[in-house]
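Beneath this line is the structure, given in structure tokens, with notes to follow.
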Amino acid sequence: SQELEQSPQSLIVQEGKNLTINCTSSKTLYGLYWYKQKYGEGLIFLMMLQKGGEEKSHEKITAKLDEKKQQSSLHITASQPSHAGIYLCGADGGGSNYKLTFGKGTLLTVNP
Amino acid sequence: DAGITQSPRHKVTETGTPVTLRCHQTENHRYMYWYRQDPGHGLRLIHYSYGVKDTDKGEVSDGYSVSRSKTEDFLLTLESATSSQTSVYFCAINPGQGYGYTFGSGTRLTVV
């Protein structure tokens, strides 16, 4: 089975600072998903990456999938308190393999 | 939101009693999933379904059963609830290749 390791497990930053969260897979990533979760709430879909070297951005959040397709990073520019929450990376087998598994998550705190 | 609802939202039950959680979708998607979320473990897949009466196990399926008699409903049953099954349970649907999985708002289950 595919194992996803996220780092760091938790992160505290000052508002306005940039930060990066990493997701490393034990196998090739065919479908890589980033989600955000506020405490006690459901998961909000951020972005999906499929191709090696792919990069996507939404507002101040950028996600990349490396060329070898075994690592993804999530970068937040000029963090705000609204960015606080748990960030989760998930992966499936791509194609018709729709079995989504997750890393353990990264807890982000943004201090004003 | 996104046509997926979970019920109940909260439940307290006694050890040894059966419990059924319901996931309902309005979007006619083929794939549906049940996850549990626990501190230190992240989201773990319990069971998933790839069509009516077609289901398969995830990584933590012991003590759980599922049924899908209609496309729109995916039921998760704890035959005899134990305290280790106290958790937050999330249902998800897969809209198809290239799209992010959509999650329900979660069911907080406490087994006393």
Which net charge results for the neighbourhood of residue B:39, defined as the other residues with beta-carbon distances under 14 angstrom from its beta-carbon, given Lys and Arg at +1 and Asp and Glu at -1? +3
Once the convex hull of the C-alpha atoms of the protein assembly as shown is built, how many Å³ does it hold per residue, rounded to a whole number? 114
Quick one: dipole size for chain A, taken about the Cα centre, charges +1 on Lys/Arg Cβ and -1 on Asp/Glu Cβ, in debye to the nearest 20. 60
If Lys and Arg each add +1 and Asp and Glu each add -1, what is the summed charge of the other residues whose beta carbon sits under 11 Å from the beta carbon of residue B:82? -3
Per residue of B:37-50, how many C-beta atoms from partner chains lie within 10 Å of its own C-beta, taken as a mean? 4
Debye, to nearest 20: dipole size of chain B, +1 on Lys, Arg Cβ, -1 on Asp, Glu Cβ: 120
Dipole in debye (nearest 20) - the protein assembly as shown, about Cα centre, beta carbon charges: Lys, Arg +1; Asp, Glu -1: 100
In vacuo Debye sum over C-alpha of chain A, base-10 log of normalised intensity I(q)/I(0) at q = 0.22 Å⁻¹, listed in q order, is -1.21
Shielding of A:41-48 by other chains, given as the mean Cβ count within 10 Å, works out to 6
Highest-fluctuation residue, A:72, A:25, A:82 considered, GNM on chain A with Cα pairs under 10 Å: A:82
Excluding residue A:48 itself, calculate the net charge of residues whose Cβ lies under 14 Å from the Cβ of residue A:48, where each Lys or Arg counts +1 and each Asp or Glu counts -1. +2
Could you rank the peptides B:77-84, B:3-10 by their average count of other C-beta atoms within 10 Å per residue, with the highest value first? B:3-10, B:77-84
Would you mind giving the mean number of other chain beta-carbons within 10 Å of the Cβ of each residue in B:96-107, as a whole number? 5
How about the protein assembly as shown: what cysteines have no other cysteine beta carbon under 4.7 Å from their own? none
Could you give log10 I(q)/I(0) at q = 0.14, 0.18, 0.20, 0.23 Å⁻¹ for chain B, computed by the Debye formula over C-alpha point scatterers of equal weight, without solvent? -0.50, -0.84, -1.03, -1.35
What chymotrypsin sites (Phe, Trp or Tyr not before Pro) does segment A:13-81 have in DSSP loop regions with at most 12 other beta carbons within 10 Å? A:39
Relative packing of B:52-58, A:103-109, which averages over residues the other C-beta atoms within 10 Å, highest first: A:103-109, B:52-58
For residue B:58, list long-range residues whose amide hydrogen, built 1.01 Å from N in the peptide plane, is under 5 Å from its own amide hydrogen. B:47, B:48
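I need the calculated FRET efficiency for the pair residue A:60 and residue B:41, taking r as the beta carbon distance and R₀ as 25 Å, to the nearest 0.05.
0.25
May I ask you to derive the FRET efficiency for residue A:38 and residue B:56 from their Cβ-Cβ distance with R0 = 45 Å, giving the value to the nearest 0.05?
On the way: r = 30 Å, r/R0 = 0.67.
So, using R0 = 45 Å, E works out to roughly 0.90.
Any read-out appearing in this document is the output of simple, stated calculations on the displayed coordinates, not a laboratory observation. These figures come from a predicted structure and were not determined experimentally. Please note: Cβ atoms are built from the backbone with ideal geometry, for glycine as well, and neighbour counts cover all protein chains shown.
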